[in-house]
Amino acid sequence: MSLPKTVPTPPEITETLPQEERFTIPAHVDRWDEYFLNIAKAVSIKSKDPKCPVGAVIASGDNVLLTTGFNGLARGVHDDEQTLMDADEKLRVICHAENNAIMNAARMGVALLGASIYVTKFPCLACCNAIIQSGIKKIYTHDDCFWNDDPFDKEHSRKKQILHDARIEVNAPFHPAFKPTEQITVPKRKTAKKPAGSAKDSGGELFDNKR
């Protein structure tokens, strides 16, 4: 009796799915600003915004983390995918990361007077107003541009004006609007060469003819 021939199993066809963009966090940082901004970076992964996830962290003047926030729909509101994919509708209902961080602090009774906010995107006009009113005194971000869809400040002049008037410290080293317009340096002085014949070499010592 002959045994049935083994039918070879066809190779599995696996579909290569596009991987989400990953970001890294350094193994160590020395400066508190970079420490809190990296935490804000990690906070942003909780956002379901398909286009622009944002994270925010607020810290006290003595470097204690007070509250965090990411951009998303209000607490308890269903994260409807259709709403998130509709840019216009999303902008009407979403809570920005900065506002979420501030309101989370209010919900827990945490005062923000004199605090600093670390955010992965430069705040819009509405968030700048909330930052000022909450008592925060410093904004730190590595963002290099304004949000072009800001509905109340398309030309980005109002947010700069109110932050200046309220004396909010803005530390945005990569943002063209907040980088120094020019580098202030002191040039090195060139060593003046003595004219030939001004000194005579005698026994290895220099003698100045003029007294």
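In the range 41-55, is there at least one residue being closer than 19 Å to residue 130 by Cβ, in contact with a helix residue (DSSP H, G or I) (Cβ under 8 Å, 6 or more places away or on another chain), in contact (Cβ under 8 Å) with a residue 60 or more places away in the chain and not in a helix (DSSP H, G or I)? Walk me through it before giving the result.
Step one: of the range 41-55, the residues closer than 19 Å to residue 130 by Cβ are 43-44, 47, 49, 52, 54-55.
If we keep only those that are in contact with a helix residue (DSSP H, G or I) (Cβ under 8 Å, 6 or more places away or on another chain) too, we end up with 43-44, 47, 49, 54-55.
Of the ones still in play, those that are also in contact (Cβ under 8 Å) with a residue 60 or more places away in the chain are 44, 54-55.
Keeping just the survivors that are not in a helix (DSSP H, G or I) gives 54-55.
Yes, the range 41-55 has at least one match.
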With the condition kept exactly as written, say whether any residue in the range 130-137 is within 13 Å of the chain's Cα centre (by Cα) and open to solvent by 100 Å² or more (accessible area, probe 1.4 Å).
-> no
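Please determine whether any residue of the range 44-60 is of a type in the set (Gly, Ala, Ser), open to solvent by 10 Å² or more (accessible area, probe 1.4 Å) and touching a Ser or Thr at 6+ places or on another chain (Cβ under 7 Å).
Our first condition is that a residue be of a type in the set (Gly, Ala, Ser); within the range 44-60, this holds for 44, 47, 55-56, 59-60.
Those still in the list that are open to solvent by 10 Å² or more (accessible area, probe 1.4 Å) too: 44, 47, 60.
Filter once more, so that each one left must be touching a Ser or Thr at 6+ places or on another chain (Cβ under 7 Å): 44.
Within the range 44-60 (the criterion being of a type in the set (Gly, Ala, Ser), open to solvent by 10 Å² or more (accessible area, probe 1.4 Å) and touching a Ser or Thr at 6+ places or on another chain (Cβ under 7 Å)), the answer is yes, since at least one residue qualifies.
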Just one of the numbered conditions (1) more than 17 Å from the chain's Cα centre (by Cα); (2) within 14 Å of residue 101 (Cα to Cα); (3) open to solvent by 20 Å² or more (accessible area, probe 1.4 Å); (4) without any contact (Cβ under 8 Å) to a residue 40 or more places away in the chain is not true of residue 72; which one?
-> (3)
Go through 187, 180 for me and flag whichever is under 19 Å from the mean Cα position of the chain (by Cα), more than 30 Å from residue 90 (Cα to Cα) and either open to solvent by 90 Å² or more (accessible area, probe 1.4 Å) or modelled with pLDDT under 90 (or both).
-> 180
Pairs, please: C-beta under 6 Å, at least 6 apart or cross-chain, first residue under 17 Å from residue 168 (Cβ atoms) and in the range 92-116, second open to solvent by 50 Å² or more (accessible area, probe 1.4 Å) and not in a strand (DSSP E or B)?
-> 114/61; 114/137
Which of (1) modelled with pLDDT under 95; (2) in contact with a Phe, Trp or Tyr (Cβ under 6 Å, 6 or more places away or on another chain) is the odd one out, the single condition residue 82 does not satisfy?
-> (2)
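Within the range 56-91, track down each residue that is of a type outside the set (S, T, N, Q) and part of a strand (DSSP E or B). Explain how you work it out, then say what you get.
Of all residues in the range 56-91, those of a type outside the set (S, T, N, Q) come to 56-59, 61-62, 64-66, 69-70, 72-81, 84-91.
Scanning the range 56-91 gives 56, 57, 58, 59, 65, 66, 69, 70, 72.
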With the checklist (1) among the hydrophobic types (A, V, I, L, M, F, W, C); (2) under 23 Å from residue 146 (Cβ atoms); (3) surrounded by fewer than 21 Cβ atoms within 10 Å (Cβ to Cβ) in hand, flag the one item residue 29 doesn't pass.
-> (2)
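Would you pick out the residues in the range 75-91 that are open to solvent by 60 Å² or more (accessible area, probe 1.4 Å) and touching a residue at least 12 places away in the same chain (Cβ under 8 Å)?
If we filter the range 75-91 for residues that are open to solvent by 60 Å² or more (accessible area, probe 1.4 Å), which is where we start, we get 75-78, 81-82, 85-86, 88-89, 91.
Scanning the range 75-91 gives 77, 85, 91.
Using the structure shown, decide if residue 159 is open to solvent by less than 30 Å² (accessible area, probe 1.4 Å) and more than 18 Å from residue 55 (Cα to Cα).
On the way: open to solvent by less than 30 Å² (accessible area, probe 1.4 Å): yes; more than 18 Å from residue 55 (Cα to Cα): yes.
In short, yes.
The values are calculated or read from the model by the stated rules, or taken from the named source; none is laboratory data. Just so it is clear, the structure is predicted and the values come from calculations on it, not from any experiment. All Cβ positions, glycine included, derive from the backbone under ideal geometry; neighbour counts span all protein chains shown. SASA here: full protein model, heavy atoms, side chains in, ligands and nucleic acids out. Shrake-Rupley method; radii C 1.70, N 1.55, O 1.52, S 1.80 Å.
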